[in-house]
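Undergrad: Below is the structure I would like to discuss, written out as structure tokens.
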Amino acid sequence: METIYQFRKIIMQHLPELSQPQATVLAMWVVGSIKAKSSTRSDVTRELAGMLGQSNNTIEHRLGEWYKEAEHKSGEHRVTLQVQHLFASLLVWIISLLPKKRIALALDASNLYDQLTVLCVSVLIDHCAIPVAWCILPETQEGKWNPHWINLIGCLAAGLREWEVWVYTDRGLWSPLLYNALVRVGWHPLMRIGGDKFFQQAGHHGWLPIKSLLGGKGQEASYSGRAFKTCPLACSLIVFWGEEAKEPWYLLTDTVTANARGYAMRFWIEHQFKTIKSRGCHWERTRKKDSERASRLWLVYALELLWSINVGAAEESKEAHRSGAAPCRTYRKRISSLFARGITTLQTAIARGWLPKLLPFTNWDWTPRICDTIGNRMCQPDCNALC
């Protein structure tokens, strides 16, 4: 129980919007998920029951009330947790661990079978991604995603006013509305679009297929002008085709100085989704079909990833220091992911009744690392070694 109290203290320090009972149950969820290597309620209940010496029914009831609405909770003075109110504080917590005022975000969506769709904004760190804001929608819900993305951007914008922010999106999310929303808050989009679009170079009257602006493999070119013939958007176009890539990238941004190779970091959010599902939290086993309840459970995933990745990075740094090696600033293959390494360390620490501290990501130096990709493939073909 001491471990849970220690983590509750940390949570309340960084997420002051939570009450003490809420922070306690959230700490139970995270500690139990790490011990069980799974975030399903049955697995977490089993681990915590043995750890705390309480009955399964007692633990399961407390865990269930974490994500329930106030009217479905027992007792008086119950409240419904509004998880979106925590996004700004979660962001401040994460960026306090970064060495420079420069941050990379990725926007992407992930489906859970035919039940739920997650729209997620994640911070990209050292081949890993940590959720910082999300919106979960029923799969059957009709409507556009852009209002939800813009709302998530608004939740985070105030905390990054003095930061250089780069935002990566895949082809499925391209939109002039989303692009303009990112630029309005001072962020730099790097938005991938399909090769069937048209572009008008500055100083020219005609519109050209963007494929006609492509050079050979290994070449990169930048153009200023307007994209989208039917709804013109003032922007810059970067065309890049890696030596070993199957297809080129067409990227829209607000500056010609953007580094196209850095776009490879976007793939790290896909590793995050795999970790939250089959490789760590096992969200694919959930039976929850209510999007609001699932959104509250995602806070557990976010803290588990933050804690595990941070501890894993610290362990990797210690190992390099013990071996006398200089901090790695170039691409290398990991034997295990930071998440897996961190989980193992945390399980040992929890068994001994203490918690490793969250430390700055001192070895995460974005500038040289983003250029270490090979062509425009994923940074590591074998993503088992990534988070």
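The values are calculated or read from the model by the stated rules, or taken from the named source; none is laboratory data. No experiment lies behind these values; they were computed from the predicted model shown. Backbone-built Cβ (ideal geometry, glycine too); neighbour counts: all protein chains shown.
Undergrad: Quick one: in the range 206-218, of everything that is free of Cβ contacts under 8 Å to residues at least 12 places away in the same chain and outside any strand (DSSP E or B), which residue is farthest from PRO189 (Cα to Cα)?
TA: Only one residue tops the list, namely GLY206.
Undergrad: Can you tell me which residue among LEU160, LEU152, LEU137, LEU173 is of a type outside the set (Val, Ile, Thr), touching a Cys at 6+ places or on another chain (Cβ under 8 Å) and touching a residue at least 60 places away in the same chain (Cβ under 8 Å)?
TA: Within the list LEU160, LEU152, LEU137, LEU173, the selection yields LEU152.
Undergrad: Okay, next question. Sort through ALA302, ALA260 and tell me the only one that's crowded, with 18+ Cβ neighbours inside 10 Å and over 15 Å from the mean Cα position of the chain (by Cα).
TA: ALA260
Undergrad: Scan the range 167-185 for residues that are farther than 19 Å from GLY225 by Cα and modelled with pLDDT under 95 and report the count.
TA: Residues in the range 167-185 being farther than 19 Å from GLY225 by Cα and modelled with pLDDT under 95: 4 in total.
Undergrad: For the range 94-108, name all the residues that are surrounded by 18 or more Cβ atoms within 10 Å (Cβ to Cβ) and among the small types (Gly, Ala, Ser).
TA: ALA104, ALA106
Undergrad: Something else now. Among the listed residues SER336, SER308, identify the single one that is of a type in the set (Ser, Thr, Tyr), more than 30 Å from HIS72 (Cβ to Cβ) and at pLDDT below 85.
TA: One residue alone meets the criteria, SER336.
Undergrad: Also: How about the range 342-387: which of its residues are of a type in the set (S, T, N, Q), at pLDDT below 80 and buried (at least 16 other Cβ atoms within 10 Å of the Cβ)?
TA: ASN363, THR373, ASN376, GLN380
Undergrad: Considering only the range 149-193, how many residues are of a type in the set (Val, Ile, Thr) and within 18 Å of the chain's Cα centre (by Cα)?
TA: Residues in the range 149-193 being of a type in the set (Val, Ile, Thr) and within 18 Å of the chain's Cα centre (by Cα): 5 in total.
Undergrad: Which fully enclosed helices (runs of 4 or more DSSP H) of the range 1-95 have 3 or more residues being in the same structural domain as CYS281 (by TED's automatic domain parsing)?
TA: 87-95
Undergrad: Continuing with this model, one more query. So which residues in the range 20-37 are buried (at least 24 other Cβ atoms within 10 Å of the Cβ), of a type outside the set (A, V, I, L, M) and under 18 Å from ARG352 (Cβ atoms)?
TA: The answer is GLY32, and nothing else.
Undergrad: Additional query: Pairs please, first residue from the range 13-31 and more than 16 Å from LEU48 (Cβ to Cβ), second anywhere and among the aromatic types (Phe, Trp, Tyr), Cβ atoms under 7 Å, 6+ apart in sequence or on different chains.
TA: Correct list of pairs: HIS14/TRP93.
Undergrad: Continuing with the same structure: Looking at the range 112-130, is at least one residue assigned by TED's automatic domain parsing to the domain that holds GLU316, closer than 21 Å to SER295 by Cα and loosely packed, with under 15 Cβ neighbours inside 10 Å?
TA: Yes, the range 112-130 contains at least one residue that is assigned by TED's automatic domain parsing to the domain that holds GLU316, closer than 21 Å to SER295 by Cα and loosely packed, with under 15 Cβ neighbours inside 10 Å.
Undergrad: Have a look at GLU243, GLU292, GLU247 and point out the one that is of a type in the set (Asp, Glu), assigned by TED's automatic domain parsing to the domain that holds ASN180 and touching a strand residue (DSSP E or B) at 6+ places or on another chain (Cβ under 8 Å).
TA: Only one candidate qualifies: GLU292.
Undergrad: Mind checking which residues of the range 39-56 are surrounded by fewer than 21 Cβ atoms within 10 Å (Cβ to Cβ) and either of a type in the set (Lys, Arg) or closer than 24 Å to ALA133 by Cβ (or both)?
TA: THR40, ARG46
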